[in-house]
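Chemist: Sharing a structure, written as structure tokens. Questions coming.
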Amino acid sequence: MTTTDETRKVADLLKDERIAVFTTTAPDGTLMSRPMALQEVEFDGDLWFFASRDSRKVTHVTANPQVNVATAGSDSWVSLTGHAVVVDDLAKKRELWNSGVAAWFPDGPDDAGIVLLRVDAASAEYWDNPGGKIATALSFAKAKVTGKPYSGGENETVDL
């Protein structure tokens with residue numbers, strides 16, 4: 001991934017996020033979303049997740065790798081599209097392992113039933129509203145008083 005001001009902005013918005021909504025496509029075309037813990041917060045164009053080898057999400061990714069990953073912070077939202085791949089790499093599992101993962105997978109990173117999902121991000125759209133809820137409330141009030149449309153902060157789409 002080439003680092004630009006836009007990609008640095010996406011990385012900055014993701015740095016404190018721990019939970020993402022991971023969306024896959026089921027064989028019948030139904031979109032399926034579930035919360036998952038982000039494993040690597042230093043965003044370089046890839047996002048990492050732990051998963052059970054026999055889970056639906058792994059089956060979905062194997063059949064159709066196109067995914068979406070969304071996060072919501074106190075004053076920002078990020079939606080990434082990309083392709084996911086199943087990675088069975090013991091060294092990488094050990095590198096990313098932490099106590100949060102252990103709560104879901106108590107047998108540790110050496111458990112053969114655990115794989116990683118790596119999302120290679122292709123693009124991202126973000127909404128950044130510095131000041132959070134208070135700034136949003138003030139912007140809503142200003143829109144109501146002035147009759148001008150709500151300005152929800154910065155919104156950009158970035159190719160990664």
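The values are calculated or read from the model by the stated rules, or taken from the named source; none is laboratory data. In this text the structure is predicted, and so the values were computed from the model without any measurement. Every residue, glycine among them, receives a Cβ derived from its backbone with ideal geometry; neighbour counts consider all protein chains shown. Each accessible area value is taken on the protein alone, full model and side chains, heavy atoms only, with ligands, DNA and RNA left out. Shrake-Rupley method; radii C 1.70, N 1.55, O 1.52, S 1.80 Å.
Chemist: Across the chain, how many lysine pairs, 8 or more positions apart or on different chains, have C-alpha atoms separated by under 22 Å? Please give the number.
Modeler: For the chain, qualifying lysine pairs total 9.
Chemist: Obtain the nm distance between the two label points defined at ASP107 and ASP88 by a simple spin-label model: each point lies 7 Å from its Cα along the Cα-to-C-beta direction.
Modeler: About 1.3 nm, to one decimal.
Chemist: Can you work out the accessible area per residue across segment 5-116, with the rest of the protein chains kept in place, probe 1.4 Å, in square angstrom?
Modeler: So segment 5-116 comes to 52 Å² accessible per residue, rounded to a whole number.
Chemist: While we're here: Would you mind putting 114-123, 13-22 in packing order, based on average other-beta-carbon counts within 10 Å, highest first?
Modeler: Listed from highest to lowest mean packing, they are 114-123, 13-22.
Chemist: Looking at the chain as a GNM with Cα springs under 10 Å, which of GLY147, GLY113, GLY82 has the largest mean-square fluctuation?
Modeler: Per the Cα network of the chain with a 10 Å cutoff, GLY147 tops the list.
Chemist: A further question on this structure: Packing-wise, with mean Cβ within 10 Å as the measure, how do 59-72, 99-112 rank, highest first?
Modeler: Answer by packing, highest mean first, reads 59-72, 99-112.
Chemist: Between ASP46 and ASP120, what length comes free when the chain is fully extended (0.36 nm per residue of separation minus the Cα-Cα distance, one decimal in nm)?
Modeler: 26.2 nm
Chemist: Tell me the net charge near LEU117. Cut-off is 13 Å between Cβ atoms, LEU117 excluded, with +1 for each Lys or Arg and -1 for each Asp or Glu.
Modeler: That sum, taken over residues with Cβ under 13 Å, equals +2.
Chemist: What value, in deg cm²/dmol to 500, does the helix sum -39500 (n - 2.57) over DSSP H runs of n ≥ 4 give at 222 nm once divided by the residues of the chain?
Modeler: -8000 deg cm²/dmol, from helical runs alone.
Chemist: First compute the accessible area of segment 1-119 with a 1.4 Å probe, then give the percent of it belonging to carbon and sulfur atoms.
Modeler: Taking all protein chains in place, segment 1-119 shows 52 percent carbon and sulfur surface.
Chemist: If you don't mind, there's one more thing I want to ask. Once you list every other residue whose beta carbon is under 11 Å from the beta carbon of TRP97, what net charge do they have if Lys and Arg are +1 and Asp and Glu are -1?
Modeler: 0
Chemist: Which of rounded, prolate, oblate describes segment 11-120, given a ≥ b ≥ c as roots of the alpha-carbon gyration tensor eigenvalues and a/c under 1.5 marking rounded, otherwise prolate only if a/b is larger than b/c?
Modeler: oblate
Chemist: Follow-up question, since we're still on this one. Need the full-extension length gain, ILE19 to THR146, defined as separation in residues times 0.36 nm minus the C-alpha distance. One decimal, nm.
Modeler: Difference between extended and current length: 42.0 nm.
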